[in-house]
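Data block below; observations after.
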Amino acid sequence: MAMISDSNLERYSRQILVPGVELEGQVALGEAHVIVVGCGGLGVPAALYLGAAGIGTLTLIDDDRVELSNLPRQPLFRVSDIGRLKSEVLCEHLLANQPSATIRCLAQRLEPHNASALLEGADVVVDATDNRPTRLLIDRVTHGTSTPWVMGAATRLSGQIIAFDAARAWGCYHCLVVDPESESFGNCADLGIVGSAVASVALQQVTDVIKLLTGCGAVPWGQCRVFDDATNERYSLQLQKRSGCTNCG
């Protein structure tokens, strides 16, 4: 097993105490490469907690710039950051807190022509986007490389999280989306969003990633976990492979 420095032993001492994490799991986190697609309401808390957990290599993909309307749900950003690239601001913060980490900032939009190159080498991909076409693209590329990914979505006071395994044994995002060409159900720009709801989704995504990389808990593969804090409802639906799926069928 790779060695861990004395300073990191102190830094991660509470996390190392968790059964299933321990020294071996902390080393695994330090050797992992996680790609976060999107540096907004989901991407900011996801990247912050992944970095704080000790992920050794983080790649941030986003070409958006900070806007005033982002600040209530992306509290890392300040008024003085308006107009700056979100990925660059987030990268600076992560490196200030963990200088030994490798943080890759890619100020690009994930598109069909560059997705394979941008997502290359990931141990797991975190979807922090807000649109269906990009999720479908992530699903196709990661299925081709047998890479697990964790989807997240939030509007108003509700959210949903799904973890897709490398082999897609429980189906893929295409299985869920019967008509990929149809319009999405809306995003926060259309329906509104409360910042705490989107943060709740992101933190569950991070927990799934940590469990995957360390083995400290069971990842609920293929389960669509849904919550609505307006009504205090929680439920989970198990996905299944769809016969004739154009991606994993």
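What's the extension gain from residue 95 to residue 228 if we count 0.36 nm per residue and subtract their Cα-Cα distance? Walk me through the numbers on the way to the answer.
Details: separation 133, 0.36 × 133 = 47.88 nm, distance 3.46 nm.
That pair, residue 95 and residue 228, stretches by 44.4 nm at full extension.
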Carbon and sulfur together cover what percent of the accessible area of segment 62-219 at a 1.4 Å probe radius? 51
Mind checking the log10 I(q)/I(0) for segment 113-156 at q = 0.18, 0.19, 0.25, 0.29 Å⁻¹? Debye, one equal scatterer per Cα, no solvent, two decimals. -0.48, -0.53, -0.88, -1.14
Probe of 1.4 angstrom, ligands and nucleic acids ignored: what's the accessible area per residue over the chain, in square angstrom? 48
What percentages, rounded to whole numbers, describe P(r) for segment 24-107 computed over all alpha carbon pairs with 10 Å bin width beginning at zero? 20, 53, 23, 5, 0
Evaluate the Kirkwood expression for the hydrodynamic radius of the chain, namely the inverse of the mean inverse distance over all pairs of different C-alpha atoms, and round to one decimal in Å. 18.4
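Over the Cα atoms of segment 1-72, compute the convex hull volume and normalise it per residue, giving Å³. Let's see the in-between values first.
Values: hull volume 7.8 nm³, N = 72.
Taking only Cα atoms, segment 1-72 has a hull volume of 108 Å³ per residue.
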Would you please state the base-10 log of I(q)/I(0) at q = 0.22 1/Å for segment 37-166, with intensities from the Debye formula using one equal scatterer on every alpha carbon? -1.46
Just to be sure I understand: of the beta bridges DSSP finds with both ends in the chain, what percent are antiparallel, rounded to 5? 50
Where the centre of each part is set by its Cα atoms, how far does segment 39-57 sit from segment 1-27, in angstrom? 18
Stokes-Einstein D for segment 130-249 (4 °C, 1.567 mPa s, Kirkwood Rh from Cα pairs), in µm²/s, comes to 87
Counting DSSP beta bridges with both partners in segment 1-132, what percentage is antiparallel, nearest 5? 5
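The values are calculated or read from the model by the stated rules, or taken from the named source; none is laboratory data. Just so we're clear, the structure is a prediction, and the values are computed from it rather than from any experiment. Surface areas here come from the heavy atoms of the whole protein model, side chains and all, with no ligands, DNA or RNA. Shrake-Rupley method; radii C 1.70, N 1.55, O 1.52, S 1.80 Å.
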